[in-house]
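Structure first, then comments.
The values are calculated or read from the model by the stated rules, or taken from the named source; none is laboratory data. Worth saying up front: this structure is predicted, and the values here are computed from it rather than measured. Cβ atoms come from the backbone with ideal geometry, glycine included; neighbour counts cover every protein chain shown. These accessible areas exclude ligands, DNA and RNA; they are computed on the full protein's heavy atoms, side chains included. Shrake-Rupley method; radii C 1.70, N 1.55, O 1.52, S 1.80 Å.
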Amino acid sequence: MQKKINKNYFSLVVLLAFTVVLTLFISNLYLSRNKLVSEFYEYSNKITTEEFNSYMTENSDAIIYISDKYDLTNAKFEEKFRDKIDNLNIKNKMVYIEKSEIDKQFIDNLEKKYKNNIEISDYPIVLVIVDNKIIKSVNVNNETDVDNFINYEVFE
């Protein structure tokens, strides 16, 4: 009788462990599948930090948007920004760099190349580069005025 009780406890422990592992696996699968990315990320031309120097060699004027593609808190700003870019037809001058790719070396190279101390304290950030010079860097939020922080005439 004692062996049967021990066997039942062992079966119960194995069944519970299997249930917990299966539950964690299914919840992880569900959560990773439903991660939403920003609409602006989907809209934008994307480059990596490795491609940045090649891109800037080919383009002396650019608008660089650095943000987290899973951050949906600035959707209002990004919608206004996208509309403005579409209205002025300068999408080819705007690129998106994913925040997770940014490291200290990339920032140091940017500061060295453009001879500018870039204050990146918070994301998202917009860098406006004209004639291979950073003329403006703006930490954005939903209250940032799209019309005033970029002189769009230089991109026409």
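Observations, loosely collected:
- Considering residues of the stretch 102-117 that are part of a loop (DSSP other than H, G, I, E, B) and closer than 20 Å to D131 by Cα only, the residue least open to solvent (accessible area, probe 1.4 Å): N116
- Residues of the stretch 76-110 satisfying the condition of being touching a helix residue (DSSP H, G or I) at 6+ places or on another chain (Cβ under 7 Å) and without any contact (Cβ under 8 Å) to a residue 60 or more places away in the chain: E78, R82, I85, K91, M94, V95, Y96, I97, E101, I102, F106
- The sole residue among E42, E78 that is of a type outside the set (A, V, I, L, M, F, W, C) and open to solvent by less than 30 Å² (accessible area, probe 1.4 Å) is E78.
- Cβ-Cβ contacts under 7 Å between residues 6 or more apart (or on different chains), taken from a first residue in the stretch 44-63 that is in contact (Cβ under 8 Å) with a residue 60 or more places away in the chain to a second residue that is open to solvent by 30 Å² or more (accessible area, probe 1.4 Å) and hydrophobic (A, V, I, L, M, F, W, C), are listed as D61/V154.
- Tabulated pairs, the stretch 26-39, first acidic (D, E), second assigned to a helix (DSSP H, G or I) and at pLDDT 80 or above, C-beta under 9 angstrom, 6+ apart or interchain: E39/A75; E39/E78; E39/E79; E39/R82
- If you check N6, N89, N28 for being at positive phi and either exposed (fewer than 13 other Cβ atoms within 10 Å of the Cβ) or out of contact with any strand residue (DSSP E or B) (no Cβ under 9 Å at 6 or more places or on another chain) (or both), only one passes: N89.
- Scan of the stretch 53-89 for residues that are assigned to a helix (DSSP H, G or I) and either touching a Leu at 6+ places or on another chain (Cβ under 8 Å) or among the charged types (D, E, K, R) (or both), ordered by number: E58, K76, E78, E79, K80, R82, D83, K84, D86
- The stretch 56-72: number of residues that are closer than 11 Å to K93 by Cβ and open to solvent by 30 Å² or more (accessible area, probe 1.4 Å): 2
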